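The values are calculated or read from the model by the stated rules, or taken from the named source; none is laboratory data. Note that this is a predicted model, so its numbers are computed, not measured. Cβ sites come from the backbone with ideal geometry, for glycine too, and all protein chains shown count toward neighbours.
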Amino acid sequence: MEHKRMTWLCLVLAMMVMLPSANIIATPQQEPVEEVVLKVGHIFTATHVAHRSLEAMAEYVDKETNGGLKLELFPGGQLGKGAKLSENVMLGTVDMATAGPGLLSRIEPAFAIWGAEFMFTGEEALFKVIKSSVGQEIYERLRNNHGIRVVGTGYLGARHLTTSKVPVKTPADLKGLKIRIPNIPYRREAFIAMGAAPTPMAFQELYLGLQQGVVDGQENPLQQITSMKFQEVQKYLTLTAHAQNPEMLIINDEKFASLPKSYQEVLLEGGEVYGDTCRRLFKEEDAKLLEQVKNAGVQIIEPDLSAFRKAVEDVPAKFESEWGAGLYERVKEAQK
C-alpha cells in the first residue's frame, strides 16, 4: 500500500511539472496571473520623446510585474495614423496609443480645449487644469461616452509656426499661406481667423509636402519639427507658442477592466512614469532643439503675440455648444 501511495504521488508531481507554466506569472504580491502583452501605437519616430517616455514606462511595468505585463511599442503609425489610431483604441482593435487633444477632439469634442489656441499661459497652467475637477471631468467624458481611458499625460511643448516663403511676424503675414494643420475643426477655425489657408495633411506625408511646396508651412512643437527634420525644408520659425501640446496615453477601457487588479494599478503608475519622463525630457531638450533648428539656417522670429491672441478671441464661442455651456470659462478660472 505504501509503495502504491508513493507511486501515485510521483505521478502527480510529474504531471504538475509537465503542465504549461510559461504564461503564469507571480506578481510581487505573489498573485498567480497570466502574462499579458499590450500593443501600444503612436505616430512619432523611435527617437521622439514620446517613444522614449513609453520605453521608460514599459521598463517600469515589466519590472513591477516580474515580466507579467509587457508593453510592445509600435512607432511611426504602424497601428494607425492620425485619428484612425485613436478610433482603433475605441474599437478595441488596438490596446493603447498616444494621442494629442486635437485628434481626440474628433471623438470627444471637449478635448479640443486642451490644445486650443492661446487657451493656457504655459505648461504649468495646462497641468494645473488637467489635475483639477474640471480637467478630470473632461477626461471622464472620454471614458464614459466613448470607452477610452486616459492613463497618463505627457507633454511635447508649445506649438510653433514654420514657413518657407515669408517670415511671419503678424497675422497679416499669414494671409493666403497654405499652413498644414491636423484635420481638427478648432485649429482650422483658429488659423482661418489668423488669415491663413489651413490645409490638412497626414503627419507622415508632411516632409514631402513641405519639400514640394504643396503647403507653405506647418505648426508643431520643436520635438516634432526636429524629429521629422522639417528644418531642412523650411526657412523661418516663428515662436508663436499658440497652443500647448499634451500627449495623452489612452487605453480601451474594456481592455483595462479585463486586466487583473494588480496590473491595473501598475499600469496607472506606469502612466505617471510616462508623463513625468515626457515633461523631464522636454525641459532638458527644448532649448537644444531650438539651437538645432537655428544651426540648420532657419531664421528664428519672436513676434508680438498680442495680435495673434486678438485674432482668435472669438473662436471659442463657436464651439460652446459642443463643449457644453460654461466649460471654457471654468477652464480659464481653474488656471488662476
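Test of understanding: among H146, H160, which residue is modelled with pLDDT of 95 or more, more than 27 Å from L268 (Cβ to Cβ) and not hydrophobic (A, V, I, L, M, F, W, C)?
One residue alone meets the criteria, H160.
Could you say which residue among Q335, Q299, Q292, Q264 is out of contact with any Ser or Thr (no Cβ under 7 Å at 6 or more places or on another chain), touching a residue at least 40 places away in the same chain (Cβ under 8 Å) and among the polar types (S, T, N, Q)? Even if it seems obvious, please write down each step before you answer.
On the way: Q335 fails: out of contact with any Ser or Thr (no Cβ under 7 Å at 6 or more places or on another chain); Q292 fails: out of contact with any Ser or Thr (no Cβ under 7 Å at 6 or more places or on another chain); Q264 fails: touching a residue at least 40 places away in the same chain (Cβ under 8 Å).
Step by step, each of Q335, Q299, Q292, Q264 is checked, and only Q299 is out of contact with any Ser or Thr (no Cβ under 7 Å at 6 or more places or on another chain), touching a residue at least 40 places away in the same chain (Cβ under 8 Å) and among the polar types (S, T, N, Q).
Here T121 passes the criteria (1) farther than 30 Å from D304 by Cα; (2) more than 15 Å from the chain's Cα centre (by Cα) except the one numbered (1).
Being outside any loop (DSSP other than H, G, I, E, B), modelled with pLDDT of 95 or more and under 30 Å from T170 (Cα atoms) is the requirement here; does Q292 meet it? The answer is yes for Q292.
Being touching a His at 6+ places or on another chain (Cβ under 8 Å) and of a type outside the set (K, R) is a condition met by at least one residue of segment 181-203. Per the listing I113, I107, the residue uniquely crowded, with 17+ Cβ neighbours inside 10 Å, part of a loop (DSSP other than H, G, I, E, B) and under 16 Å from the mean Cα position of the chain (by Cα) is I107. The number of residues in segment 311-325 that are at pLDDT 95 or above and part of a loop (DSSP other than H, G, I, E, B) comes to 4. Here P182 passes the criteria (1) surrounded by fewer than 24 Cβ atoms within 10 Å (Cβ to Cβ); (2) at pLDDT 95 or above except the one numbered (2). Scanning segment 68-88 for residues that are among the aliphatic types (A, V, I, L, M), more than 27 Å from K283 (Cβ to Cβ) and over 13 Å from the mean Cα position of the chain (by Cα) yields L69, L79.
If the condition is being assigned to a loop (DSSP other than H, G, I, E, B) and under 26 Å from R52 (Cα atoms), then segment 121-153 contributes G122, K131. If you go through segment 242-253 one residue at a time, do you hit one that is among the small types (G, A, S) and closer than 14 Å to G152 by Cβ? Among the residues of segment 242-253, not one is among the small types (G, A, S) and closer than 14 Å to G152 by Cβ, which makes the answer no.
On the given criteria, is H146 under 20 Å from A311 (Cα atoms), in contact with a helix residue (DSSP H, G or I) (Cβ under 8 Å, 6 or more places away or on another chain) and touching a residue at least 24 places away in the same chain (Cβ under 8 Å)? So H146 fails the test. Taking the stated definitions as given, is R149 of a type in the set (D, E, K, R), surrounded by fewer than 19 Cβ atoms within 10 Å (Cβ to Cβ) and closer than 15 Å to A99 by Cα? Taking the combined requirement at face value, the residue does not satisfy it.
Out of the residues in segment 257-309 that are β-branched (V, I, T) and within 20 Å of G152 (Cβ to Cβ), which is surrounded by the fewest Cβ atoms within 10 Å (Cβ to Cβ)? Lay out the reasoning, then the answer.
Within segment 257-309, the subset β-branched (V, I, T) is 266, 273, 277, 293, 298, 300-301.
Now drop any that are not within 20 Å of G152 (Cβ to Cβ), which leaves 266, 273, 277.
Working: V266: 22, V273: 19, T277: 21.
Across segment 257-309, the extreme among qualifying residues is V273.
Entry remark, segment 196-242: residues being surrounded by fewer than 17 Cβ atoms within 10 Å (Cβ to Cβ), on the phi > 0 side of the Ramachandran plot and either in contact (Cβ under 8 Å) with a residue 60 or more places away in the chain or of a type in the set (K, R) (or both) number 1 in total. When segment 164-190 is filtered for residues that are under 24 Å from Q231 (Cβ atoms), among the charged types (D, E, K, R) and touching a residue at least 24 places away in the same chain (Cβ under 8 Å), the ones remaining, listed by number, are K165, K169, K178, R180, R187.
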